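Q: What follows is a single structure, and I will ask about it in a moment.
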Amino acid sequence: MTSEEERFEEHFQRTYRRNEDGRFVVQLPFRESVDQLKSSRSLTLKRFLLLEKRLARDPDLKAQYAEFIDEYQSLGHCHEVREEEDPPCLQSYYLPHHCVFKPSSSSTKFRIVFDATVKASELSLNDVLMTGTSSQSDLFSITRYQRIFWRGHLSEALKVLELLTVTYGTSAGSFLAVGSLIQQARDESEDYPEAAEVILNDSYMDDILSGSDSIESPKKLRRDLEELMLKGGFPIRKWCSNSEDVLEGIPEGNRETLVPIQDSSANEVFKALGLL
């Protein structure tokens, strides 16, 4: 590892904790240059007002956008900040956001992307965050550096929402999420040795691809993986296998869906990490 990657790893090990539900709570790993970060509020507000005009021209898109933000709030992934009670300081960072579509996804075809590359003066949020090795979770990180603007209608007052989870779009997001996943496997390795090994060695980001030469072995592994991951607040979904026996007992809603191959006589297939 580089010296910065070593500092990031040390920072993660020193500062992470588990809450009462077993979930990981992590901190953003700032470089010393964070003291030079300026507020991005005015620039991000301009970007939001342009987004709002775009959404006004496309009611269907606006409805999907509002549904996403509403769900984010209902799940506790963000909360409203009243600036009169918690005024923005020089270093408050506001994230612009926009939407992307991924029609090939079997789960989230529409999602909002947060942009931590916007430079307030000379630096962006990503410029002042350390980046770790390819080592991330469903985490909570309460910070004034992850604020966004939102309102459902032009008649409403502008809201400031503070994102409370590890946010993709920040340079530290991948390490914080994968790092928590790895730590979860290490913490539970005594009770679930095989499942922990699979998480450590057969995973890429939030996908696990593994298998066995028998039917019974992956059935037990599946149960152990579910138990191990739930202890950290990580429910597993999109299960798939070339053996229906392995999937026995898994609700349809937790199974991966088949996708057809265009212009092909082949059977429908699963997608994993972009591969058919």
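The values are calculated or read from the model by the stated rules, or taken from the named source; none is laboratory data. Worth saying up front: this structure is predicted, and the values here are computed from it rather than measured. Methodologically, a virtual Cβ is constructed for each residue, glycine included, from the backbone with ideal geometry; neighbour enumeration extends over all protein chains shown. In case anyone asks, the SASA skips ligands and DNA or RNA and just uses the protein heavy atoms, side chains included. Shrake-Rupley method; radii C 1.70, N 1.55, O 1.52, S 1.80 Å.
Q: Rg and Dmax of region 215-257, using alpha carbons, in Å: what are they?
A: Cα only, region 215-257: 10.3, 28 Å (Rg, Dmax).
Q: How many Å² of accessible area per residue for the chain, probe 1.4 Å? Working shown, then result.
A: Working: 15700 Å² over 276 residues.
Heavy-atom SASA per residue in the chain reads 57 Å².
Q: Still on this structure, please answer the following. Please compute the alpha carbon radius of gyration of region 164-233, then divide it by the globular-protein estimate 2.2 N^0.38 Å. Two decimals is fine.
A: Working: Rg = 13.1 Å, N = 70, 2.2 N^0.38 = 11.1 Å.
Cα Rg divided by the expected 2.2 N^0.38 Å: 1.19.
Q: Now for a separate question. Could you state the principal axis extents of the C-alpha atoms in region 1-75, from the largest down, to the nearest angstrom?
A: 48, 36, 21
Q: If each residue of separation counts as 0.36 nm, what is the full-extension length gain between I112 and E10 once their alpha-carbon separation is subtracted? Before the final figure, lay out each step's value.
A: Values: separation 102, 0.36 × 102 = 36.72 nm, distance 3.11 nm.
Full-extension gain reported as 33.6 nm.
Q: Counting only protein chains, not ligands or nucleic acids, how are W239, W150 ordered by accessible area (probe 1.4 Å), most first? Intermediate values should be presented prior to the final figure.
A: Values: W239 40, W150 15 Å².
Solvent-accessible surface, decreasing: W239, W150.
Q: To the nearest 10 square angstrom, how much accessible area does K62 have with a 1.4 angstrom probe?
A: Around 60 Å² of this residue is reachable by solvent.
Q: Compute the Kirkwood hydrodynamic radius of region 144-276, taking the inverse of the mean of 1/r over all pairs of distinct Cα atoms, and give it in Å to one decimal.
A: Radius from the Kirkwood sum: 17.8 Å.
Q: For R223, what accessible surface area do you get with a 1.4 Å probe? Give it in Å², rounded to 10.
A: Approximately 110 Å² for this residue.
Q: With a 1.4 Å probe and all protein chains kept in place, how much accessible area does L50 have, in Å² rounded to the nearest 10?
A: 120
Q: Of all accessible surface on region 139-180 at a 1.4 Å probe, what whole percent is carbon and sulfur?
A: Numbers: 790 of 1370 Å².
In region 139-180, the share of accessible area belonging to carbon and sulfur is 58 percent.
Q: Could you tell me what a quarter of the Cα convex hull surface of the chain works out to, in nm² with one decimal place? Provide the component values of the computation, followed by the final result.
A: On the way: hull surface 72.5 nm².
About 18.1 nm², averaged over all directions.
Q: Sequence neighbours fewer than 8 away in the same chain don't count; with that in mind, list the lysines whose C-alpha is under 22 Å from K102.
A: Within the straight-line cut-off, K102 pairs with K62, K238, K271.
Q: Say R0 is 22 Å: what FRET efficiency, to the nearest 0.05, do H153 and K102 get from their beta-carbon distance? Write down the numbers at each step before the final one.
A: Numbers: r = 27 Å, r/R0 = 1.25.
For H153 and K102, the calculated efficiency is 0.20.
Q: With each run of n ≥ 4 DSSP H residues scored as -39500 (n - 2.57), what mean residue ellipticity at 222 nm is computed for the chain after dividing by its residue count and rounding to the nearest 500 deg cm²/dmol?
A: Details: 6 runs with 84 residues, N = 276.
After summing the helix terms and dividing by the residues of the chain, the value is -10000 deg cm²/dmol.
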